[in-house]
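What follows is one structure encoded as C-alpha cells, with my remarks underneath.
Please treat every number below as a calculation from the coordinates, not as lab data. The structure displayed is predicted, hence computed values, not measured ones. Cβ sites come from the backbone with ideal geometry, for glycine too, and all protein chains shown count toward neighbours.
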Amino acid sequence: MKGFRDCGFPGLLALVCLFFFAEPSLAYLDGSAGAYLTQILTGGVLVFLMAINRFKGAIVERFFKRRPGKEKQE
Amino acid sequence: MDPLTTAVRDSASFKDPSGFVFSRDGEIFRYVAPIYREHFELASGSGLQEHLIRSRLLIEHEDVTGIANEPGAFKTLKLRRLPFVSYPYEWCFSELKDAALLTLQIQKIAMEYGASLKDCSAFNVQFLNGKPILIDTLSFEKYEEEPWVAYRQFCEQFLAPLALMSYRDIRLGKLLEANIEGIPVDLAAALLPARAAWNVGLFTHLRLHSYFQARSGSAEGVTRAKLARKNLMAILDNLESTIRSLKYETKKSTWSDYKDERSYGASSLQHKKQVVDQLIGRLSPRMVWDIGANTGEFACPIAEKGIHTVALDFDPVCVEIDYVSNVRNRAVPLLPLCVDIASPSPSLGWAHRERKSLAERGPADVALALALIHHLAITRNVPLLHIAEFFAKIADALIVEFVPPDDGQVKRLLSTKKGSWHEYGEPQFLEAFDRYFVLERREQIMESGRLLTLFRKRK
C-alpha cells in the first residue's frame, strides 16, 4: 500500500464518511489529543483501504466481470 | 542539579531529561541519565543503534563510560563532532524533504527492533558530507501499540513547511525561523490553497489534524487509546508517500540564472576560478563559507577537494538548485543554506541560546565573498566598514571580489537605486577592510576591472 493515492477518490470519501460518523462521539477531545485522534482514524481507514486493495481483484472479478459461462449462454 | 563539574553543557540540550550533550576539552559527549537506562539498553542491545550507524542514518558514538564517565551518568558517549550545525529554517525544500524521509525511515527501522522515535524534531537531523543524519542517540523509546507520540511534531516540523513551500511559495520555509517548534497545523491548513485538499495526505495530516486539535474537552480517553502496529505502519507509509508527492518545480528567480547573465567573459571567469583555486590551496582551510554562493559554482569545486564548505545564499531557488545538482546523491562535504548575510540567522529559542546565530557557529577558516560587497553596500545600504567588521567576526581569512563602480553590474544597481547610499569605490573598500584585515594579495581579474583580494584577520 503506497498510500491513499492508490485508492484516490474512494479513499477520501471513506475518510470523510468515517469522520462524520465518528465526529459526535469525539466532541470531548482537546487540542493535544487531536494528533492521536487523527492517527486512530487515519490508521483505521488506511488499513481498511489496504484490505480493499488486497481483495480488489477478487471483488472486481466477482461483481463486475462477465464470467465465461454467462458469455456462452448469451 | 547539573551533575557536571568540568564540562560545558550545550545550551540547546536541556529539553530531554534522558540526557544532554556537553563538551569537554574540545570534544563532544552525551550524558545518558539513569532514567533512560531501559530504553538505551533496548536500542543498543537489540542491534538498532548498530543498524542505524552502519547505514549512516545515526551519528556514530563511542561508549566511554568505563574510562571517562560523568558523575551520576548511566552512560557517557563520545560523539563525532559535526563540522557545522545548520538549522531547518536554513534548509532548502529538498534538504527538508530528505530530512523528513530520513526520519520516517528511521521510525520504520526502529519499529522492527521494538522501538519508536519519541520525538521528531527537525533539529535532531544534521547534514554530514551531503547526507542527512540523526544526531540524537536518545530519541528512541520502547514501542507500545499506541498512537505515535511524535506524530504531531513530525507534521509541524516537516510536513507543514514542505506543503507550504510546495503549494504556496518556497520562501515560506523561513516561517520555521519564527516557529522553531514547527508550523502549527491550523496555520498551515489556513495558508494552504484550496487545491491542496485534493492531496489526501495533506487533507488528513494537516486539515483533519487541525480540526481535531481545535476540539475542546478532556484528552483522557484518547491518550489511553491503542493503535495497532499495522495501522501505524500504514500511517508512516502514507506520510512517506505524501512527502514524496510534494515537489518543488524549480522556477526562475532573480539570481537563479546569474551564471548565464554575468557581465564578464569566459576568460575572466576562468581566470577568477584559477585565482580562487590558488588562494584556497595556499590557505589550506578545513572550513570555508561561500557567502552569496548562488548555485554553488565556486563552492562545489572547493567541497570536491574534501574541504567542508557551507554555501550561503539568500535566494532559496539558488540553494535548491545547488543542493539538488551538487550535493544530493553525492558524498561531498557541501552544505547549501538559505541565509541572507544582510540579515543572518539570529540567536533563537530559550534565553536566546537554544539556536545559535550564524556568527556564533563560526568563524570559518576562510570566507569567500565573490561579487557580493557591492550588493551589500549599494542595494542594502550597509557601510563598507560595517561589512568588514562583520566579516572579521565570521572568518579568519577572506577572499573578496571587489566589483568597481564602472562595472556593468554596479551601474545597473545604481541606475535603479533611488535615494542616497554610502560612498563606494576601491579606495574606500581597501581602507575599510584594512581596519580589520591585512591585505595579502590583490589581483585584477583578466579582461575586467574586478579585483580579487586575499585578506587575513589582524591579530
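Put +1 on the Cβ of each Lys and Arg and -1 on the Cβ of each Asp and Glu in the protein assembly as shown; which of B:His39, B:Tyr113, B:Val339 then has its Cα farthest toward the positive end of the dipole?
Positive-most Cα among the choices belongs to B:Tyr113.
How much length is gained on full extension from B:Lys305 to B:Arg435, taking 0.36 nm per residue of separation minus their Cα-Cα distance?
Length gained between B:Lys305 and B:Arg435: 43.6 nm.
Would you mind counting up the charge near B:Asp434? Only other residues with Cβ under 15 Å from its Cβ, with Lys and Arg at +1 and Asp and Glu at -1.
Overall, the nearby charge balance is +3.
What helices does chain B have that are whole DSSP H segments, at least 30 Å long along their own axis by Cα, and with mean Kyte-Doolittle hydropathy of 1.0 or more?
none
Suppose only helical runs count, i.e. DSSP H with n ≥ 4. What mean residue ellipticity at 222 nm does that imply for chain B under -39500 (n - 2.57) per run, divided by all residues and rounded to the nearest 500 deg cm²/dmol?
It comes out at -9000 deg cm²/dmol, rounded to the nearest 500.
I need the phi-derived Karplus couplings for region B:16-24: 6.51 cos²θ - 1.76 cosθ + 1.60, θ = phi - 60°, integer Hz, Gly and Pro marked x.
For region B:16-24, the Karplus-derived couplings read 9, x, 6, x, 7, 9, 9, 10, 8 Hz, x marking Gly and Pro.
Hey, what did region B:88-245 get for relative contact order, percent, Cα under 8 Å, at least 6 apart? Write out the running numbers ahead of the final one.
Working: 184 pairs, mean separation 40.0, N = 158.
Taking the mean separation of contacting Cα pairs over the length of region B:88-245, I get 25 percent.
If the limit is 24 Å between Cα atoms, which of B:Lys273/B:Lys459; B:Lys15/B:Lys78; B:Lys273/B:Lys305; B:Lys142/B:Lys226 go over it?
B:Lys273/B:Lys459
Give or take rounding to whole Å, what are the principal axis extents of the alpha carbon atoms in the protein assembly as shown, in descending order?
In descending order, the Cα extents are 91, 71, 45 Å.
Tell me, B:Lys131, B:Lys417 in order of fewest to most beta-carbon neighbours within 10 Å?
B:Lys417, B:Lys131
What nm value, rounded to one decimal, do you get for the distance between B:Ser347 and B:Ala197 when each label is placed 7 Å out toward the C-beta?
Distance between label points: 4.6 nm.
Pairs of alpha-carbon atoms within less than 8 angstrom and 6+ residues apart define the contacts here; what relative contact order does region B:258-457 have, in percent?
Relative contact order for region B:258-457 comes out at 20 percent.
Which residues' amide hydrogens lie under 5 Å from the amide hydrogen of B:Asp10, considering only partners 5 or more residues apart or on another chain, with H built in the peptide plane?
B:Val21, B:Phe22, B:Ser23
Straight-line reach only, C-alpha to C-alpha below 13 angstrom: list the aspartates and glutamates that B:Lys118 could link to, leaving out same-chain residues fewer than 8 apart.
Straight-distance partners of B:Lys118: B:Asp16, B:Asp136, B:Glu141, B:Glu144, B:Glu146.
Starting from 0.36 nm per residue, how many nanometres of slack lie between B:Ser325 and B:Ala178 once their C-alpha separation is accounted for?
Numbers: separation 147, 0.36 × 147 = 52.92 nm, distance 2.89 nm.
The B:Ser325-B:Ala178 span can extend by a further 50.0 nm.
Tally Lys and Arg at +1 and Asp and Glu at -1 over the other residues with C-beta under 14 Å from the C-beta of B:Glu423: what net charge comes out?
Once positives and negatives cancel, what remains is -1.
Using the Cβ atoms and a cut-off under 13 Å, what net charge is assigned to the surroundings of B:Gly66, where Lys and Arg are +1 and Asp and Glu are -1?
-1
Any idea what the dipole of region B:265-356 comes to, in debye rounded to 20, about its Cα centre with Lys/Arg Cβ at +1 and Asp/Glu Cβ at -1?
Approximately 400 debye in magnitude.
Could you give the length gained by full extension between B:Ser55 and B:Arg286, i.e. 0.36 nm per residue of separation minus their alpha carbon distance, to one decimal place?
My answer for the length gained is 80.6 nm.
Give me B:Tyr167, B:Tyr87 sorted ascending by neighbouring Cβ count inside 10 Å, so fewest comes first.
Lowest to highest Cβ neighbour count: B:Tyr167, B:Tyr87.
Checking the a/c ratio against 1.5 first, then a/b against b/c, what shape does the Cα gyration tensor give for chain B?
Taking the square roots of the gyration eigenvalues as a ≥ b ≥ c, chain B is prolate.
Treating the beta-carbon of each Lys and Arg as +1 and of each Asp and Glu as -1, no other charges, what is the dipole magnitude of the protein assembly as shown about its Cα centre, to the nearest 20 debye?
Here the protein assembly as shown has a charge dipole of around 1280 debye.
Relative contact order (percent) for chain B, with alpha-carbon contacts under 8 angstrom and 6 or more residues of separation?
The normalised contact order for chain B reaches 12 percent.
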